[in-house]
Amino acid sequence: QVRPVESGGGAVQPGGSLRLSCAASGSIFSGNVMGWYRQAPGKQRELVARIIGGGTTNYADSVKGRFTISRDNAKNTVYLQMNSLKPEDTAVYYCNAETIWGTFWGQGTQVTVSS
């Protein structure tokens, strides 16, 4: 199994948008729950959104209506579309895959929201 790889982070002004991508090997992606988590400085890592193989999604209350998680099963990739970004969304964003062999984490990608 190979760990997921995130991309798409960067710096954006409040109100802006970013799309994060997470590519994973088929063995850890197919049929498994894929999730996005984030960790801000001095804070614990927290769930942002999760999506199961069939497409059911869960979101943290703080991002509902602004963020959308989706998956492309043909590309073994999960996305996080982030709109109406706020300074409090600033964090390192991590992708993970929940599998029968355990949970696999990516290395993280920095998202900074600042004017």
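Over the Cα atoms of the chain, compute the convex hull volume and normalise it per residue, giving Å³. Mind showing how you got there, number by number?
Details: hull volume 10.3 nm³, N = 115.
Spelled out: Cα convex hull of the chain, divided by residues, is 90 Å³.
Cβ under 10 Å from Val78's Cβ, Val78 left aside: what net charge do those residues give with Lys, Arg +1 and Asp, Glu -1?
Residues close to Val78 contribute a combined charge of +1.
Run down the aspartates and glutamates and flag those whose C-alpha is under 19 Å from the C-alpha of Lys43, throwing out any fewer than 8 positions away in its chain.
Asp61, Glu88, Asp89
Sorted from largest down, what three extents in whole angstroms do the Cα atoms of region 1-56 have along their principal axes?
For region 1-56, the Cα spread along each principal axis is 36, 24, 23 Å.
Identify all lysines with a Cα-Cα distance to Lys64 below 19 Å; exclude those on the same chain that are fewer than 8 residues away in sequence.
Answer for Lys64, where 19 Å is the Cα cut-off: Lys86, listed by chain and number.
Express the relative contact order of the chain as a whole percentage, based on alpha carbon pairs under 8 Å and six or more residues apart in sequence.
That works out to 37 percent.
Here, each number is a calculation from the coordinates, and none is a lab measurement. Given the structure is predicted, the values throughout are model-derived calculations rather than measurements. Cβ coordinates were reconstructed from backbone atoms using ideal geometry, including for glycine residues, and neighbour counts include every protein chain displayed.
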